[in-house]
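Taking it in order: structure first as structure tokens, then the write-up.
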Amino acid sequence: MSLKAFHIVFIVASALLCLGFGVWALTGDGALSVAAAAVSFLVGAVLVVYGARFLKKVARTGYIAGGKL
Amino acid sequence: MQIPFTVAPRPDTGVNNAKIGVWLFLASEVMLFGGLFSAYIFLRIGAPEWPGEIGGHMYERASDILNVPLATLNTLILIGSSVTMVMSWASLAMKRFDRYRLYMGATIALGFAFLIVKAFEYGEKFSHGYLPAENNFLAIYFVLTGLHGLHVIGGIIVNMYFMWPGARMWKTDPKRFTNRIEIAGLYWHFVDLVWIFLFPTIYLL
């Protein structure tokens with residue numbers, strides 16, 4: 001597995017962690033927990049967008065190892 | 001004498017020797033951390049209360065004793081460092097050595113930031129007398145996070161080598177140097193991925 005493939009795996013795992021952390025934060029009480037959950041979901045969404053853009057870029061440019069994952 | 005297959009893929013494996021080597025090493029690391037995660041599971045299954053009694057207080061959740069905000073900050077730091085690590089490698093692939101230096105420097109700085117935050121977290125525990133010998137929860141917490149921290153230190157040392165003395169190879173053999181950064185990046189991503197599993201397991205569940 002190349003670094004770019006491993007990077008995509010890592011970003012997917014990180015996005016799932018953000019989702020899980022957000023759900024965990026919602027189990028707490030108070031506005032701080034809701035804010036933490038919101039930030040976590042937002043970071044997760046940013047990671048999904050970043051991962052999709054990264055995947056598209058390495059597939060399109062092929063500047064590394066002929067564009068193959 | 002030229003060492004064969006340091007850049008070009010071997011016909012029988014389909015990848016170069018460095019990549020095979022680092023994946024074999026990472027497989028052994030999976031077994032090391034996997035064993036410790038198994039120990040965590042068995043300790044937790046066997047414990048009547050988790051984390052249990054620490055310093056005369058009964059704790060029902062790990063998040064009551066551990067500093068979740070600091071660990072969350074460390075998670076964001078490591079995610080960021082993985083992005084800068086892959087960008088440093090991509091910069092070399094695009095023959096932008098100046099950008100490589102920038103991204104690799106950022107990766108090293110983020111690695112140090114992780115360790116500083118971790119030192120604060122450990123200092124907080126030590127100041128309350130929460131040591132590994134206190135109970136099983138703290139023992140497995142310090143073993144898992146401590147071993148992970150040692151891996152981060154190892155990664156920083158490797159990255160610092162490639163930032164300064166090892167970077168001379170860029171002038172003599174740029175393809176091989178780019179390959180070396182990919183190998184270092186695979187290790188760094190593995191260490192970061194371990195934290196992605198470790199953080200919810202230890203701090204949240």
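Once you reduce the stretch B:141-169 and the stretch A:20-35 to the center of their Cα atoms, the two points are 33 Å from each other. The protein assembly as shown has equivalent-ellipsoid semi-axes of 36, 21, 17 Å, by the square roots of 5 times the alpha carbon gyration tensor eigenvalues, sorted largest first. Compared with the dominant principal axis of the Cα atoms in chain A, helix A:3-26 is inclined by about 10°.
Taking only the C-alpha atoms of chain B, Rg followed by Dmax gives 19.8, 65 Å. Per the Debye formula on identical point scatterers at the alpha carbon atoms of the stretch B:142-185, with no solvent, log10 I(q)/I(0) at q = 0.18, 0.23, 0.25 Å⁻¹ is -0.56, -0.74, -0.81.
Relative contact order for chain B using alpha-carbon pairs under 8 Å, separation at least 6, rounded to a whole percent?
Computed value for chain B: 27 percent relative contact order.
Partner shielding of B:76-87 amounts to 4, given as the average count of beta-carbon atoms from other chains within 10 Å of each residue beta-carbon. Under a GNM of chain B (C-alpha, springs under 10 Å), which listed residue has the highest mean-square fluctuation: B:177, B:190, B:25? Largest GNM mean-square fluctuation: B:25.
Annotation for the stretch B:63-150: trypsin sites (Lys or Arg not before Pro) lying in DSSP loop with at most 16 further Cβ atoms inside 10 Å of their Cβ are B:95, B:96. Residues A:12, B:22, arranged from fewest to most other Cβ atoms within 10 angstrom of their Cβ, appear as A:12, B:22. For residue B:49, put the label point 7 Å out on the Cα→Cβ axis and report which residues of the stretch B:127-147 keep their amide N under 19 Å from it. Under cut-off, by backbone N: B:129-141. Legend: residue pairs A:57/B:171; A:4/B:95; A:57/B:175; B:118/B:175; B:19/B:175, Cα-Cα distance threshold 25 Å; pairs beyond threshold, A:57/B:171; B:118/B:175. With Cα atoms defining each centre, the stretch B:81-103 and the stretch B:1-55 are spaced 25 Å apart in the structure. Summary value for the stretch B:88-205: 28 percent relative contact order, contacts being C-alpha pairs under 8 angstrom separated by 6+ residues. Peptide B:178-187 is shielded by partner chain Cβ atoms: per residue, an average of 2 of them sit within 10 Å of its Cβ.
Every read-out reported here was derived from the displayed coordinates using simple, explicitly stated rules and does not represent laboratory data. Only a predicted model underlies this, so the values are computations on that prediction, with no experimental measurement involved. Don't worry about glycine lacking a Cβ; one is built from the backbone with ideal geometry, like all the others, and counts go over all protein chains shown.
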